[in-house]
Amino acid sequence: MVFSYLPLGRRPIHMMRISLILLSILSTCFKDETVSGQTQGVDIWVLDKMNGTSIATLVTIEFPKEGEVAGQAPCNRYFGKQTVPLPWFEIKEIGATKMACDDLKLEVQYFNALQEMTTAELIQDMLILRSDDGKSLVFVNK
């Protein structure tokens with residue numbers, strides 16, 4: 001027997017320790033492959049261009065935890081789910097606060113564009129989101 005050197009009362013504890021060690025090793029093999037897993041949880045990405053047009057209004061996107069997305073649109077804070085692995089990108093369950101402002105038209109354009117994005121690419125300090133029809137959102141890391 002493999003554990004014959006252990007007294008009977010210690011076998012379950014030893015097996016539990018081995019199980020915890022194996023579980024710990026296996027959990028490191030399954031790292032988060034989404035954008036949030038490839039960026040640090042404190043990174044704030046600032047929108048630089050939408051479909052090739054420079055954006056002067058502050059718009060951000062963040063990936064605070066695995067599977068989550070959040071940010072500041074022109075008028076409101078927003079949040080949602082992002083769970084597909086790179087290079088794919090898909091936002092689900094977007095929610096936002098309900099404040100009005102002068103940039104509400106830009107906010108609607110941003111949310112529509114964000115929901116159309118299907119791929120993500122991280123290049124040094126840039127995050128580029130692209131849609132199947134060639135639209136893009138280019139963010140820089142601040």
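The values are calculated or read from the model by the stated rules, or taken from the named source; none is laboratory data. It should be emphasised that the depicted structure is a prediction, and the values quoted were computed from it without experimental measurement. With ideal geometry, Cβ positions are generated from the backbone for all residues, glycine too; neighbour counts draw on all protein chains shown.
At a glance:
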| quantity | calculated |
| --- | --- |
| The stretch 57-88 - residue that is at pLDDT 95 or above and assigned to a loop (DSSP other than H, G, I, E, B) and, of those, surrounded by the most Cβ atoms within 10 Å (Cβ to Cβ) | Ala73 |
| Pair list, Cβ < 6 Å and 6+ apart or interchain, from the stretch 127-142 residues that are within 13 Å of Gly52 (Cβ to Cβ) to residues that are basic (Lys, Arg) | Ser136/Arg130; Val138/Lys49 |
| Residues being modelled with pLDDT of 95 or more and among the basic types (Lys, Arg) - total across the stretch 115-142 | 2 |
| Filter result (assigned to a loop (DSSP other than H, G, I, E, B), over 17 Å from Lys135 (Cα atoms) and of a type outside the set (Gly, Ala, Ser)) within the stretch 89-124 | Thr97, Lys98, Met99, Cys101, Asp102, Asp103, Gln124 |
| Pairs with Cβ under 9 Å, 6+ apart, first in the stretch 60-73 and at positive phi, second among the hydroxyl-bearing types (Ser, Thr, Tyr) and at pLDDT below 95 | Gly67/Thr34; Gly67/Ser36; Gly67/Thr83 |
| Check on Gln115, crowded, with 17+ Cβ neighbours inside 10 Å and either among the aromatic types (Phe, Trp, Tyr) or on the phi < 0 side of the Ramachandran plot (or both) | no |
| The stretch 40-55, subset in a loop (DSSP other than H, G, I, E, B) and at pLDDT 95 or above, residue surrounded by the most Cβ atoms within 10 Å (Cβ to Cβ) | Ile55 |
